[in-house]
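Inspection log for the structure reproduced underneath, given as structure tokens.
The values are calculated or read from the model by the stated rules, or taken from the named source; none is laboratory data. Small disclaimer: the values here were computed from a predicted structure and weren't measured. Cβ placement follows ideal geometry from the backbone for every residue including glycine, while neighbour counts extend to all protein chains displayed.
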Amino acid sequence: MRRLTYLLIAMFVLAAFPAAAQKILPRSLGQWTGASNIAEPMRPAALTGVMPVAPQAILTEYGWISTESLVYTSSAAGGANKVQATVFKLKDPSDGYGLYSYLLTPDMARADFTEHSSMSHDRALVLAGNLVLDVEGQDLGNSETQLKALVAALRAHAQTGPLPSLGELLPQSGMVPRTNRYILGPQALNAFLPVAQTDWLGFSKGAEAELAHYNLKGHDATLLIADYPTPQLAAQELGELEKNYNVNGSSQTPGATPLFAKRSLTLIAIVSGAPTQTDADTLLRQVHSGTELTWDEPTFQFKEPSIEMMIVGTIIGAGTICLFALIAGVSFGGLRLVVKRLWPGKIFDRHEHLQVLQLGLGSKPINSDDFYGYSAPAAGGSPVDKNLPDRVALRIFR
């Protein structure tokens, strides 16, 4: 009966362990204590009215897996007395970076929790691998110690990996701080650049995009750069844009939003909100693809050495081989002589195991003992016929 009880307890613990392992936010954190927890996976609609979150369609574009939310309370003097912490789990760090950029607002200054983290008076946003932490509360500046401990706890559950580098191609001159967004789908794109409700940029063809706002001679302009898998796809997509939308003055439809675009290999740069083509060109000229295509560039850099170096190398190589052969021959010969001296006829030159191939080309009778300097054959050895015809023997060892 006792064994059955222990077995049931073990089964209960093992069954409960996976559910507990899914929790990311700690129940307590220093002076913070978790007051209520929303079980995961949780639909974004459950957070409506609690804190700003992305719609379901946009979360899906960013590879959303689950959301966990916890309210922390603290009675300590100073700092926030009540904060709402929400962590979004995405498929990979690139998706996490995209959602982080989507939730970022211009009033949030850069923080030092991670490489990509920002904070305002009442909100903190942190990217840790494929996890995005969103914290809302009053006077968060006095709770940095607890926030750092919370970020450290999140990193234990985060999946690390490289982040997108497309944003490095955005010009820095004139950019409005913290307005760059990494886009992976039409829903997120239309939230910041509402050209059409369809996939007008070609995300279904493998495109990824990043945009930012610029102060262009007193006008708020948006620069979007989209990267495609091949230059052919980029050229095809630019042709579709010029055909369907008012790109570079291709459409005379009244009320159509003017867009200015150019292609650079696999990149398409689009400017919206510029008064004229000349103003848009000030941004478009600063966008260059980091890829270069050539016909004759070798796949590796190889510099042929000079003839003098090759001759010297050949002499040194041949000398090294000869020296190795000399040392190996002397070593083997010396070892053989030492062994023959210590154990004569035991290891080398055992005449009882010798086979003789008689060719009959000489004038002297063959005696196998003549090869080793013995006066008589060993005991039990084969007798030697002294009346052999004239011949020469070739030794064969086995």
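Restricting the range 263-290 to residues that are within 29 Å of the chain's Cα centre (by Cα) and aliphatic (A, V, I, L, M), which is nearest to GLU168 (Cα to Cα)?
VAL287
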(Q) Taking the condition of being part of a loop (DSSP other than H, G, I, E, B) and surrounded by 19 or more Cβ atoms within 10 Å (Cβ to Cβ), how many residues in the range 125-162 meet it? (A) 3
Q. For the range 128-157, what are the residues that are touching a Gly at 6+ places or on another chain (Cβ under 8 Å), under 21 Å from PRO93 (Cα atoms) and β-branched (Val, Ile, Thr)?
A. VAL132
Q) Residues in the range 172-182: is at least one outside any helix (DSSP H, G or I), closer than 19 Å to THR60 by Cβ and outside the structural domain of SER28 (by TED's automatic domain parsing)? A) yes
